[in-house]
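Have a look at the structure below, then the notes.
The values are calculated or read from the model by the stated rules, or taken from the named source; none is laboratory data. Here the structure is a predicted model, which means the values were calculated and not measured. In this analysis, Cβ positions are derived from the backbone assuming ideal geometry, glycine residues included, and neighbour counts consider all displayed protein chains.
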């Protein structure tokens, strides 16, 4: 495995932990732990599988070594945020497929989740981009 893939996996582990913590927090504050709020936790597994699959492909097949350090920073940030967007959208889509007609509360919760975790994901992406820009050997 390339060094860039290892860095992406470390960042994705932090991302999945933050998503789990964020959804748990939203579950108990926004929906007040109602029994109907359990479907929200089911989107973590498909979203994390999608994240790690895309992270592996990005780490192995993007030409990180050929890019200058400033481009690796922006590419790392962009790739990490794109992985987050794709995996969260598909994770909530899978949740909608499994549980059928969801109320508007779930989709409002998705927007709140997406807004607040996007800030943290961008910060993790900046750290990832900095680590990728400092790499000497791939």
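Can you tell me which residues in region 80-108 are at pLDDT below 75 and surrounded by 16 or more Cβ atoms within 10 Å (Cβ to Cβ)?
102, 106
Which of the residues spanning region 54-68 are assigned to a helix (DSSP H, G or I) and over 12 Å from residue 6 (Cα atoms)?
Step one: filter region 54-68 for residues assigned to a helix (DSSP H, G or I), giving 54-61.
The answer is 54, 61.
Surrounded by 14 or more Cβ atoms within 10 Å (Cβ to Cβ), in contact (Cβ under 8 Å) with a residue 12 or more places away in the chain and either touching a strand residue (DSSP E or B) at 6+ places or on another chain (Cβ under 8 Å) or not in a helix (DSSP H, G or I) (or both) - does that describe any residue in region 37-46? I'd like the intermediate steps shown before the answer.
Narrowing region 37-46 to residues surrounded by 14 or more Cβ atoms within 10 Å (Cβ to Cβ): 37, 39-40, 42-44, 46.
The next check asks that each one be in contact (Cβ under 8 Å) with a residue 12 or more places away in the chain; those that pass are 39-40, 42-44, 46.
Okay, now just the ones that are also either touching a strand residue (DSSP E or B) at 6+ places or on another chain (Cβ under 8 Å) or not in a helix (DSSP H, G or I) (or both), so none.
For region 37-46, residues surrounded by 14 or more Cβ atoms within 10 Å (Cβ to Cβ), in contact (Cβ under 8 Å) with a residue 12 or more places away in the chain and either touching a strand residue (DSSP E or B) at 6+ places or on another chain (Cβ under 8 Å) or not in a helix (DSSP H, G or I) (or both): absent.
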